[in-house]
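The values are calculated or read from the model by the stated rules, or taken from the named source; none is laboratory data. Computed from a predicted structure; not experimentally measured. Methodologically, a virtual Cβ is constructed for each residue, glycine included, from the backbone with ideal geometry; neighbour enumeration extends over all protein chains shown.
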Amino acid sequence: MATQDLASHLAEQQGTEGKLYDQVALRISELIEHGTLRPGERVPSVRKLSEQEEVSIATVTQAYRVLENKGLIEARPQSGYYVKARLWQAPAEPEKSEPALRATRVSTSDLVMLNSCCRPGNCAARWPR
């Protein structure tokens, strides 16, 4: 199961400050972030995770509330908790290019002649599959 090493992760986190439910929420969010738990996939039930990791049901419930508030998971009535689909985000704006101030000489051998090669019927003859 995706959460099988949660106990060891929590053991490492014991020295850190913060509530146990925050540590559980952090671990589940890491599983989501790294793709172990994918959008639409069911996360372990509260009871099952509580038993597996030897934490209280209240701890797991609070951790799931934290994840809901962050928009990472959603509760579905009579079904459990599921990883929420991420909203599409536009890619970062590309860097502004700074072309040379002067023209650059280019020979025809430096160019790829796509026009003559990739006309219908020509590509198959020149580039066998």
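Given the options R119, R86, name the one that is assigned to a loop (DSSP other than H, G, I, E, B), closer than 30 Å to L31 by Cβ, of a type in the set (D, E, K, R) and modelled with pLDDT under 85. Going through R119, R86 in turn, just one is assigned to a loop (DSSP other than H, G, I, E, B), closer than 30 Å to L31 by Cβ, of a type in the set (D, E, K, R) and modelled with pLDDT under 85: R86.
Listed by first and then second residue, the pairs linking a residue in the range 33-45 that is outside any loop (DSSP other than H, G, I, E, B) to a residue that is aliphatic (A, V, I, L, M) and surrounded by 13 or more Cβ atoms within 10 Å (Cβ to Cβ), with Cβ atoms under 9 Å apart and 6 or more places separating them unless they lie on different chains, are E33/L72; R42/V83.
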